[in-house]
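This report concerns only the one structure given below.
The values are calculated or read from the model by the stated rules, or taken from the named source; none is laboratory data. All values derive from a computational prediction rather than experimental measurement. No Cβ is skipped: glycine too gets one built from the backbone with ideal geometry, and neighbour counts run over all protein chains shown. Accessible surface is based on the protein model in full, side chains and every heavy atom, while ligands, DNA and RNA are left aside. Shrake-Rupley method; radii C 1.70, N 1.55, O 1.52, S 1.80 Å.
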Amino acid sequence: MGDELGRAADVDRVLIDEKIIEKRLDAMAAEIDREFPAGSIVAIVLLKGAFVFAADLLRRIPRPLEIECLNVSSYHGGTESSGVVKFLDHSLPDVQDRHVLLLDDILDTGRTLKAVRDRLLLEGCAAVHTGVLLAKDRPREEEVQADYVGFEIGDEFVVGYGLDYKGRYRNLPFVGVLKP
Ligand code: PRP
């Protein structure tokens, strides 16, 4: 792990290591497969942060899957949410009457998950089931919750495993806490 921290100079400590993430994803994938209605799933992956989590989770789900990505942003690289969720794509995937598994890396204020969920419901999908790797233990600013949560964490800024600070650290294989 010393080497890992060597390539992450601004990381103060490892919060969740790779092995623990892998074990948790095994359990989450099994839970999703058990609870989802029969038939194929449309997974919608929120870019950029959720791409690592989604790739590892979805490969563990043993049933037909379609995977779509949506590019949304509200943090614009910093540590504070701008408060405005921007949809950066020109169009949305066709989700009419489908059960969607909406995946994001982290649930913080709740703005992103709520904005995307509401938009998908407007597009006519049958239901939106939400899954996040991390959920911050803090009051949400929007009424939204995740159906599947990897880990509850404290209210601190984390990077790695898809999450960035100013565009960096998404490729770290663990979730770590940034130096103050
Ligand atoms: C981050 C993160 C989530 C969202 C969570 O996205 O990836 O999508 O913020 O915060 P919220 O619950 O307060 O909305 P960001 O805007 O940093 O974009 P990124 O995924 O491209 O890094």
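Please list ASP94, ASP17 from largest to smallest accessible area, probe radius 1.4 Å, with all protein chains kept in place.
Working: ASP94 125, ASP17 50 Å².
Solvent-accessible surface, decreasing: ASP94, ASP17.
Let me have the 222 nm mean residue ellipticity of the chain computed from DSSP H runs of 4+ only, each contributing -39500 (n - 2.57), with the sum over all residues rounded to the nearest 500. Provide the component values of the computation, followed by the final result.
Numbers: 4 runs with 43 residues, N = 180.
Value at 222 nm, helices only, nearest 500: -7000 deg cm²/dmol.
Could you please state how large a percent of the accessible area of the stretch 2-178 is carbon and sulfur, counting protein chains only and using a 1.4 Å probe? Can you show the working numbers first?
Details: 4040 of 8660 Å².
Of all accessible area on the stretch 2-178, carbon and sulfur atoms account for 47 percent.
Compute the accessible area per residue over the stretch 2-178, keeping the other protein chains in place, probe 1.4 Å, unit Å². Working shown, then result.
On the way: 8660 Å² over 177 residues.
Value for the stretch 2-178: 49 Å² per residue.
What accessible area, in Å² to the nearest ten, does a 1.4 Å probe give for ARG98?
Here the accessible area works out near 60 Å².
Test of understanding: what is the full-extension gain from ASP10 to VAL84, defined as 0.36 nm times their sequence separation minus their Cα-Cα distance? Could the numbers behind the result be given before it?
Numbers: separation 74, 0.36 × 74 = 26.64 nm, distance 2.70 nm.
Length difference between fully extended and current span is 23.9 nm.
Hey, which aspartates and glutamates would be in cross-link range of LYS179, C-alpha to C-alpha under 18 Å, not counting anything within fewer than 8 residues on its own chain?
ASP3, GLU4, ASP10, ASP12, ASP17, GLU80, ASP155, GLU156, ASP164
For the chain, set up a Gaussian network in which alpha carbons nearer than 10 Å are linked by springs, and say which option among HIS99, HIS129, HIS90 fluctuates the most.
Ranking HIS99, HIS129, HIS90 by mean-square fluctuation puts HIS90 first.
Can you work out ³J(HN,Hα) from phi for every residue in the stretch 148-160, in order, using Karplus 6.51 cos²θ - 1.76 cosθ + 1.60 and θ = phi - 60°, giving whole Hz and x for Gly and Pro?
Taking θ as phi minus 60°, the curve returns 10, 10, x, 9, 8, 10, x, 8, 10, 7, 10, 9, x Hz for the stretch 148-160.
Quick query: amide H of SER73 versus all other amide H atoms, modeled in the peptide plane; which residues come in under 5 Å with a sequence gap of 5 or more or a different chain?
Under 5 Å from the amide H of SER73: LYS86, LEU88.
Between ASP89, ASP12, ASP108, which gets the highest mean-square fluctuation from a Gaussian network model of the chain, Cα cutoff 10 Å?
Looking only at ASP89, ASP12, ASP108, the biggest GNM fluctuation is shown by ASP89.
So how do VAL85, VAL175 rank on accessible area, 1.4 Å probe, biggest first, that is with the largest at the start?
On the way: VAL85 30, VAL175 0 Å².
Ranked list, largest accessible area first: VAL85, VAL175.
Counting Lys and Arg as +1 and Asp and Glu as -1, each charge on the Cβ, what is the dipole of the chain about the Cα centre in debye, to the nearest 20?
Values: 23 positive and 32 negative charges, 54 e Å.
My answer is approximately 260 debye.
Leaving out same-chain residues fewer than 8 places away, which lysines sit with a Cα under 18 Å from that of LYS86?
Result set, ordered by chain and number: LYS48, LYS114, LYS166.
Name the residue, out of GLY160, GLY110, GLY39, whose mean-square fluctuation peaks in a Gaussian network model built on the chain with Cα pairs under 10 Å.
Checking each option, the largest mean-square fluctuation is seen for GLY39.
Provide the percentage of antiparallel DSSP beta bridges, counting only those with both residues in the stretch 2-178; round to the nearest 5. Write down the numbers at each step before the final one.
On the way: 10 of 34 bridges.
Here the share of antiparallel DSSP bridges comes out near 30 percent.
Using only the heavy atoms of the protein chains and a 1.4 Å probe, how would GLU35, GLU143, GLU156 rank by accessible area, largest first?
Details: GLU35 105, GLU143 155, GLU156 55 Å².
Output order, biggest surface exposure first: GLU143, GLU35, GLU156.
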